[in-house]
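The values are calculated or read from the model by the stated rules, or taken from the named source; none is laboratory data. Fair warning: this is a prediction, and the values are worked out from it, not measured in the lab. FYI the Cβ positions are ideal-geometry reconstructions off the backbone, even for glycines, and counts take in every protein chain you see. The accessibility values were calculated without ligands, DNA or RNA, using every heavy atom of the protein model including side chains. Shrake-Rupley method; radii C 1.70, N 1.55, O 1.52, S 1.80 Å.
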Amino acid sequence: PRDGMLAEALEAGRPVLLTSVPGDLPFRIGVGFGELRPRSVLAAPLCSRGEQIGVLLLGAVADLGEDAVSFAERVAGQLGIALQNAISHRRLATLARELRDSNDRLQAQNEALLAQGEAIRGQTEELRAQAQEIRRRNEDLSLAKEALAAKAGAPRRAAPTCALREPRGRRHAVD
């Protein structure tokens with residue numbers, strides 16, 4: 001629960017003026033040579049787009065009249081808009097910084113992925129070259145195997161022999 005003139009100004013949505021400030025209230029006005037007790041205190045709500053932002057608290061060593069209340073109300077309206085703009089600007093700056101940071105992280109990740117892609121492409125080319133070399137060697141081995149198989153399976157030639165023919169069709173081997 002809110003208490004006091006600040007809460008009253010926020011709840012009412014309009015300025016609240018306190019004249020003849022009692023001595024036991026903690027209001028003080030700082031001046032160059034010390035502090036003074038105010039005679040009047042004015043609390044005006046700061047709003048923008050229907051949202052309460054804060055309260056403008058003014059103290060005066062003289063009595064404040066209706067013209068001061070009207071002036072404070074106009075100033076509070078403009079100050080509320082200015083504060084809302086400052087808050088929005090801070091939020092946008094924070095979002096922009098977060099977006100830049102996120103973008104930087106994404107860019108770094110993208111660069112890392114591109115580098116990985118290049119490495120993978122290089123490895124792929126190396127593997128293709130190795131596979132081609134293996135295929136070539138396998139082909140050479142197959143040809144050599146076929147040649148050995150053909151050599152092993154071919155009838156062996158016997159050492160040349162000289163045969164004499166007899167008229168009857170018999171042969172004699174000559175050493």
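Of all the criteria given as (1) open to solvent by less than 30 Å² (accessible area, probe 1.4 Å); (2) assigned to a helix (DSSP H, G or I); (3) small (Gly, Ala, Ser), the one not satisfied by Ser70 is (1). Restricting the stretch 1-10 to residues that are part of a helix (DSSP H, G or I) and farther than 22 Å from Ile87 by Cβ, the residue that is least open to solvent (accessible area, probe 1.4 Å) is Met5. Restricting Gly13, Gly59, Gly30 to residues that are on the phi > 0 side of the Ramachandran plot and of a type outside the set (D, E, K, R) narrows the list to Gly13.
Considering the stretch 14-34, the residues that are surrounded by 10 or more Cβ atoms within 10 Å (Cβ to Cβ) and part of a strand (DSSP E or B) include one that is modelled with the lowest pLDDT, namely Ile29.
Collect the residues in the stretch 41-67 that are in contact (Cβ under 8 Å) with a residue 40 or more places away in the chain and either open to solvent by 70 Å² or more (accessible area, probe 1.4 Å) or part of a helix (DSSP H, G or I) (or both), keeping them in residue-number order.
Gln52, Leu57, Asp63
Rundown of residues vs (1) in contact (Cβ under 8 Å) with a residue 60 or more places away in the chain; (2) open to solvent by less than 60 Å² (accessible area, probe 1.4 Å); (3) out of contact with any helix residue (DSSP H, G or I) (no Cβ under 7 Å at 6 or more places or on another chain); (4) over 30 Å from Arg49 (Cα atoms), yes/no style:
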residue	(1), (2), (3), (4)
Gln78	no, no, yes, no
Asn85	no, no, yes, no
Leu99	no, no, yes, no
Ala108	no, yes, yes, yes
Leu113	no, no, yes, yes
Gly122	no, yes, yes, yes
Ile134	no, no, yes, yes
Asp140	no, no, yes, yes
